[in-house]
Structure formats: structure tokens, C-alpha cells
């Protein structure tokens with residue numbers, strides 16, 4: 001009864017607090033949520049308060065907002081709702097930031113790819129003339145450029161001629177001229193690119209014709225217009241444009257075609273030069289004067305249309321007369337020049353001025369090298385010769401039989417196997433490991449192992465001294481010796497002497513010279529032994545005196561006196577009684593032969609002379625396709641070429657050539673004497689090196705008797721027989 005009583009009592013009370021009694025109140029029973037009263041007589045329960053629906057709504061709203069925020073956070077950028085939920089302010093701020101970043105990136109790109117200072121530099125490398133050590137010109141290469149022009153110093157008709165035909169609205173546009181493009185398409189005259197765009201094109205861009213390049217050209221043109229004045233743009237354009245005949249810039253072209261400074265150009269001359277820019281090679285007046293004249297008339301017509309000339313003035317302009325005084329009688333390249341010029345340009349600063357550089361080349365020795373190679377019985381084989389001082393100064397270089405037919409330099413570019421000339425490093429490593437020339441090593445054939453080298457002609461013995469092994473070029477002894485001292489030590493010696501080519505560690509064939517390198521690199525290593533100071537860097541130009549910093553930072557090694565004397569004793573034995581007997585001279589000389597497998601390469605590298613007269617010479621003979629030679633070994637033809645050259649070099653004194661006496665010639669570069677072209681100075685008599693020479697009213701026949709070179713001299717005062725290289729008596 002207590003439960004119903006509570007319901008009855010509670011029903012009489014307004015649950016919402018209204019005691020008027022106008023409407024009975026109802027409320028749910030939550031009896032399960034409170035303890036039951038203990039008896040029916042318990043006092044009645046108090047009034048129940050109303051729920052706070054507003055607070056509930058706010059809580060639910062916050063919950064809904066949190067759910068929506070979490071859903072937005074989980075959206076990925078590739079989902080459409082990710083972007084649809086963004087507001088206008090969000091888009092505006094991020095759009096502005098993106099535009100600012102793009103602008104900064106564009107400015108950075110332009111600053112890197114189109115630096116304003118580059119437009120001040122010549123677009124083509126300026127002309128460089130190389131001289132031999134005695135001042136004789138060797139080669140001349142590069143563009144003809146001259147000093148930049150200044151608009152303020154030019155007569156008005158000069159820039160007007162160029163603007164009339166190339167860019168009529170130059171002073172009124174911002175680098176891009178849509179009207180000019182439309183006019184060029186409609187009339188077919190002039191180009192669609194402005195002068196600023198042309199400057200951007202030939203200064204910063206490649207000549208490819210693509211939409212991407214045109215877009216970059218337009219951007220760079222705007223960049224130039226923003227930072228340079230109109231006169232500065234026009235000056236840089238005129239100072240770099242190509243005018244044909246290897247002439248770059250208005251000043252060079254004006255001097256070349258009319259022998260006149262641009263400040264003194266006449267209107268008709270300026271008009272002809274302006275007409276060349278569309279097709280410099282096709283309109284060059286030195287070759288196509290009629291075409292250049294027709295193009296000039298078109299420029300004059302454009303100047304009349306723009307008001308730069310009156311019709312009467314235009315009609316009175318004569319055809320300009322050419323005055324070409326410049327000529328280039330020097331070859332643009334020789335084997336030595338092709339090697340030396342890149343070295344020179346790396347050291348040169350960008351400049352409009354011509355350069356005249358004196359090299360280490362000795363004109364007499366270079367001429368001698370050409371004669372020696374020309375008379376060698378090479379057949380179809382190729383040849384290379386390098387001669388240098390022990391300090392690395394190259395005095396002669398022949399990179400092939402004929403530069404005109406094949407400019408490929410086999411002395412500096414061809415990487416061939418050095419053969420047994422590599423044994424120098426093996427025996428040096430053995431000396432440093434404690435071996436001596438008198439020590440012996442087995443010279444028997446290999447009977448075990450996967451690598452079994454053989455000696456030439458099957459020459460073996462039970463034992464052989466190191467000195468005799470190098471002299472006879474024993475292959476089995478060299479491989480055993482490297483195995484004894486370790487390939488690592490051999491490679492370390494080669495590196496110390498300046499060899500940078502790949503040398504595989506642990507390869508037993510390395511001892512026989514199976515790793516490739518250039519003849520120049522190999523000869524420089526022998527130069528290190530000749531001067532007992534290494535590594536030696538081959539040089540085309542005289543080395544500057546080293547400063548104290550160079551002295552502190554540059555490391556120069558040398559052999560001990562005992563080791564140096566030992567290796568020279570062994571190299572001399574290789575010439576006097578070994579495989580290099582064909583290179584023997586009446587003076588002390590040292591060297592080593594080299595022959596690769598199947599007679600594919602034949603080499604002789606060695607040195608002779610004393611003091612500043614000492615020369616280090618390397619000779620290589622082989623075929624460009626690496627096919628075998630006809631039985632040619634390093635001790636045959638290469639040794640004879642080496643001997644022939646060295647004998648002539650020692651006869652010349654071997655020292656640096658003296659500078660020529662001053663003459664009254666107006667040409668400061670001296671007489672022209674092309675090199676790498678054989679001269680008729682000695683007449684070969686046979687294949688053994690016998691020669692006939694006529695000079696100074698005397699006839700000299702040089703030959704060999706029992707291996708010793710002898711000269712027979714017939715002069716007005718009598719007949720004489722003397723050892724070769726001794727020279728006539730005073």
C-alpha cells in the first residue's frame with residue numbers, strides 16, 4: 001500500500017512547482033533508482049525539480065561540433081570535402097602566401113640562372129694565341145671579340161639602324177612587344193623577339209626552339225628590363241651579338257669588315273652591319289656581298305619608315321666598301337694546342353681582350369718530333385710521342401700521324417695498356433721492401449694456378465737477378481715479385497708517382513701492365529724517377545714560383561739515394577743489354593720497353609741527358625681499333641723512334657730554346673710557323689735510322705756500326721768520322 005500511497009500523494013502536487021491546482025501533475029516513476037521506504041508511514045517525498053534542457057542542448061551542440069571537427073581533421077587533401085569546407089578568408093590568405101612564394105622562387109631562379117653580370121661577359125670565348133717558348137706562334141683559337149661599346153659615344157645612326165630592323169619600339173616596351181610580334185608576322189620583316197629578348201636568348205639560353213625556352217626568354221627579358229636601363233641593354237646587346245666571320249660584338253665586326261671603330265661608322269656601314277644579325281653566316285659580306293647589300297637596303301628602308309633618314313638621304317647612301325685587313329694564318333688546333341688551350345681557359349677570367357700565352361713547347365723539338373714520326377715505317381699503325389722535362393713541362397707532343405685527318409690525341413686521350421713499362425712500379429716496390437738488384441727470384445714457367453703468364457720466346461731459367469729480370473722483361477719473375485711484395489705496395493708506388501688510373505688490387509696481371517692509362521700519365525711517372533721528385537704534373541705553361549703556402553701544403557716525395565741509384569742501374573741495363581738495345585745512345589740513357597698481348601700496343605719510355613738538358617720521352621705505336629700489330633714490339637719500332645728523337649734532341653742541346661732576336665716586324669706575335677707538319681730537314685736512307693742531313697754547307701750521314709751511332713761529315717775543309725751527337729769541333 002505504501003507504493004500506491006506515494007503515487008497518490010505525489011499526483012496531487014504539481015511537479016513543475018505550480019500550486020494552483022488547476023492541472024494535475026504527472027511524473028515518471030524511477031523507483032529502481034532510489035531505495036524503497038521502510039514503511040507505509042514514512043513522511044511524503046519532497047518535490048522533484050525540473051530538468052535543465054538548455055544545458056543539455058548546449059552540451060549536445062558542443063558534442064556535435066567536436067564530432068564535425070574530428071571528421072574534418074580526418075579528411076585527406078585528395079578528398080573533395082577537404083576543400084569544400086574551407087572559407088573565403090582561408091582561401092584568400094593561402095592564395096596570397098602562394099603568390100608571394102612563387103614570386104620569391106621566380107626571383108631566386110632568375111638570380112641564379114640569369115645573373116646580370118653574365119650579360120657583361122662575352123658569349124664566346126675570346127681568341128687565344130699560343131706561342132712556343134721561343135715566341136713562335138703555334139695556334140690561334142677562339143672568337144674575335146673586342147671592347148664593349150657605349151651608346152653615348154656612338155653616332156645616332158648606329159643604334160638607329162639596329163632598332164629600325166630589329167626592334168622599332170625598343171624604348172617604349174617592357175621587354176616583350178606584342179605589336180612587334182604581330183607586325184613581324186604580318187609583314188615578314190624583322191623578328192618577333194625584342195632586342196631584350198635576343199639579349200636574353202644568346203646570353204642565358206640555348207638555341208633550342210621550344211615553348212618552354214620562349215617562356216624563359218620572356219621572363220628573363222622582363223627581369224633585364226626591371227634592373228637595367230634601356231641604354232645598358234642596348235650596349236650589352238651590341239657588344240655580344242654575332243656578326244659572322246667569327247666576329248662577336250659591334251667593335252670587332254666594325255674593325256673586321258671596315259677597319260673602322262664603331263664610333264666612326266658611316267650610316268651605310270652601320271646599316272650593313274645591322275642587316276647581318278638575322279643570318280650572320282649567310283649575309284657575311286666577305287663571302288656574300290650581294291646578299292649583304294640587299295639586306296642593307298632593307299635596313300635603310302626601315303630607317304626611312306621610322307624617320308631616322310629622309311628618302312633623299314637614303315637614296316644618296318653608297319654601297320660600303322669593305323676593308324678587311326685581319327687574317328689568321330695559324331692553325332686553329334694542333335695536338336699540343338688542343339691539350340693546352342682548355343688548361344689556359346680554366347685559368348683565365350672572362351674578358352673581351354685577346355690573350356697571347358707562352359707555352360713550354362720547344363719549337364725545335366716539336367719540329368724534330370714531327371720529322372721523326374713522319375719518316376718512321378708505321379704502315380697503317382698510329383703513333384704518339386710525348387717529351388717533357390723532369391719537372392713536367394711538355395716540350396713536344398705528337399698525338400697521331402696526321403692532325404688534319406684525325407685530331408684525336410693518342411698521347412692524352414687514348415687509354416691503352418702500358419705493358420711491361422708498368423714493371424717500373426713493381427721493381428720500385430720491391431726495392432722499397434728491402435730487395436736489391438742482385439737478389440734472385442725464380443724464372444721458371446708457372447705449372448700451377450689459374451693465371452700462368454709466359455715469357456717471350458719461352459726464355460726461362462732456374463733463377464734470375466732482379467736487374468736481369470727487368471732487363472730481359474721476364475713476365476714470370478715480375479708476377480712472382482709482385483706476389484712477394486703485395487699488389488697494395490705496387491699500387492701505392494704507382495700512386496705516389498702520379499698514376500691516377502684504376503689499378504685493381506689483387507690482380508696478378510697488374511704486374512704486366514694490363515690496366516689502361518694515357519701515354520702522358522705514364523711518361524710523367526717516369527719523369528718523377530728521372531728527377532727524383534714526384535708526383536710530376538704535366539704542364540703546358542711554365543710553373544710559377546711556389547710561395548710559402550704552396551711549400552707548406554704541397555707534398556713532394558723522392559726516393560732514397562740508394563733506391564734511386566738501384567732503379568737507374570736496372571733501367572740502364574734494360575737499354576744496354578736488355579730488350580731496349582735499339583734505343584741505346586752514346587750517353588747514359590734509361591728506359592723500359594712494353595708490349596701488350598697479341599702485339600696490340602708497343603711502347604718505349606725512358607730518359608737521357610743531364611741537368612736542364614734531361615728529357616723524358618714516351619713513344620706508343622698501335623692501331624686505333626686495338627687490332628694486333630705485325631709483330632712490332634716495344635724494343636723495335638718505338639725504341640728506334642725514341643732513339644731517333646732523343647739523338648736529335650741531344651744534338652740540339654736539349655735545353656730550352658732561346659727567344660728570337662727582336663725584329664722590326666709590326667706583328668708582335670712573330671713569324672708564323674705551323675707545327676705538327678713534317679719539315680724536310682733530314683732525309684732517311686734506310687729503315688734502321690740512317691739519315692742524310694745538309695746544313696751550313698756540310699753534308700752529314702748518320703748511321704750505326706755494331707750498334708754504335710756514327711756520323712760521317714763532309715765539309716769544305718775535309719772529311720771526318722765521329723761518334724753521333726758530339727758535334728763538329730770548334
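The set of residues in the range 593-610 being over 13 Å from residue 621 (Cβ atoms) and in contact with a strand residue (DSSP E or B) (Cβ under 6 Å, 6 or more places away or on another chain) consists of 606, 607, 608, 609.
Residue by residue, here is whether (1) part of a helix (DSSP H, G or I); (2) modelled with pLDDT of 70 or more holds:
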{"position": "36", "(1), (2)": "no, no"}
{"position": "39", "(1), (2)": "no, no"}
{"position": "42", "(1), (2)": "no, no"}
{"position": "46", "(1), (2)": "no, no"}
{"position": "51", "(1), (2)": "no, yes"}
{"position": "54", "(1), (2)": "yes, yes"}
{"position": "76", "(1), (2)": "no, yes"}
{"position": "90", "(1), (2)": "yes, yes"}
{"position": "100", "(1), (2)": "yes, yes"}
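Considering 273, 265, 309, 277, the condition of being touching a residue at least 40 places away in the same chain (Cβ under 8 Å), out of contact with any strand residue (DSSP E or B) (no Cβ under 8 Å at 6 or more places or on another chain) and closer than 19 Å to residue 199 by Cβ is satisfied by 273 alone. Which of the residues spanning the range 323-346 are in a loop (DSSP other than H, G, I, E, B), surrounded by fewer than 16 Cβ atoms within 10 Å (Cβ to Cβ) and either more than 45 Å from the chain's Cα centre (by Cα) or in contact (Cβ under 8 Å) with a residue 24 or more places away in the chain (or both)? Passing the criteria: 323, 324, 325, 326, 328, 329, 332. The single residue among 357, 361, 365 that is outside any helix (DSSP H, G or I) and more than 29 Å from residue 250 (Cα to Cα) turns out to be 361.
Considering the range 460-471, and only residues there that are out of contact with any helix residue (DSSP H, G or I) (no Cβ under 6 Å at 6 or more places or on another chain) and crowded, with 21+ Cβ neighbours inside 10 Å, the residue that is nearest to residue 579 (Cα to Cα) turns out to be 468.
State whether one or more residues within the range 285-300 are touching a helix residue (DSSP H, G or I) at 6+ places or on another chain (Cβ under 8 Å), crowded, with 19+ Cβ neighbours inside 10 Å and modelled with pLDDT under 95. Within the range 285-300 (the criterion being touching a helix residue (DSSP H, G or I) at 6+ places or on another chain (Cβ under 8 Å), crowded, with 19+ Cβ neighbours inside 10 Å and modelled with pLDDT under 95), the answer is no, since none of the residues qualifies.
Of all the criteria given as (1) surrounded by 14 or more Cβ atoms within 10 Å (Cβ to Cβ); (2) under 29 Å from residue 581 (Cα atoms), the one not satisfied by residue 436 is (1). Exactly one residue among 539, 543, 561, 495 is closer than 30 Å to residue 347 by Cβ and without any contact (Cβ under 8 Å) to a residue 12 or more places away in the chain, and that residue is 495. In this structure, does residue 226 turn out to be closer than 12 Å to residue 149 by Cβ and free of Cβ contacts under 8 Å to residues at least 60 places away in the same chain? No. Here residue 302 qualifies as within 23 Å of residue 171 (Cα to Cα), assigned to a helix (DSSP H, G or I) and over 35 Å from the mean Cα position of the chain (by Cα).
Summed over the range 498-516, the residues that are under 29 Å from the mean Cα position of the chain (by Cα) and surrounded by fewer than 22 Cβ atoms within 10 Å (Cβ to Cβ) give a count of 9. Evaluated against (1) in contact with a strand residue (DSSP E or B) (Cβ under 9 Å, 6 or more places away or on another chain); (2) farther than 20 Å from residue 394 by Cα; (3) modelled with pLDDT of 95 or more, residue 517 falls short on exactly one condition, (2).
Please go through the range 145-162 and give me each residue that is assigned to a helix (DSSP H, G or I) and touching a helix residue (DSSP H, G or I) at 6+ places or on another chain (Cβ under 7 Å), ordered by number.
Matches in the range 145-162: 151, 153, 157, 158, 159, 160, 161, 162.
Those residues that are in a loop (DSSP other than H, G, I, E, B) and closer than 27 Å to residue 528 by Cα, I need them from the range 368-404; list them, please.
The answer is 389, 390, 391, 392, 399, 400.
Can we say residue 457 is modelled with pLDDT under 95, surrounded by fewer than 18 Cβ atoms within 10 Å (Cβ to Cβ), assigned by TED's automatic domain parsing to the domain that holds residue 580 and not in a helix (DSSP H, G or I)? Here the answer is no, as residue 457 does not meet what is asked. Inspection of the range 238-260 finds no residue satisfying the criterion of being in a helix (DSSP H, G or I) and surrounded by fewer than 16 Cβ atoms within 10 Å (Cβ to Cβ). Of note, residue 129 satisfies the criterion of being touching a strand residue (DSSP E or B) at 6+ places or on another chain (Cβ under 9 Å) and at pLDDT 75 or above. Of everything listed in (1) closer than 23 Å to residue 528 by Cα; (2) modelled with pLDDT under 95; (3) over 33 Å from the mean Cα position of the chain (by Cα), the single unmet condition for residue 656 is (3). In the range 440-465, how many are in contact (Cβ under 8 Å) with a residue 24 or more places away in the chain and touching a strand residue (DSSP E or B) at 6+ places or on another chain (Cβ under 7 Å)? Qualifying residue count for the region: 7. Looking only at the range 143-171, which residues are crowded, with 18+ Cβ neighbours inside 10 Å and free of Cβ contacts under 8 Å to residues at least 60 places away in the same chain? Correct list: 167 only. With the structure loaded, tell me whether residue 475 is at pLDDT 95 or above, surrounded by 15 or more Cβ atoms within 10 Å (Cβ to Cβ) and assigned by TED's automatic domain parsing to the domain that holds residue 583 or whether it fails that test. Answer is yes for this residue. Considering only the range 428-454, state which residues are closer than 16 Å to residue 512 by Cβ and not in a helix (DSSP H, G or I). 441, 443, 445, 446, 449, 450, 451, 452, 453, 454 - these are the residues of the range 428-454 that are closer than 16 Å to residue 512 by Cβ and not in a helix (DSSP H, G or I).
The set of residues in the range 411-427 being crowded, with 24+ Cβ neighbours inside 10 Å and not in a helix (DSSP H, G or I) consists of 411, 418.
The values are calculated or read from the model by the stated rules, or taken from the named source; none is laboratory data. In this text, all values refer to a predicted model and were calculated from it rather than measured experimentally. With ideal geometry, Cβ positions are generated from the backbone for all residues, glycine too; neighbour counts draw on all protein chains shown.
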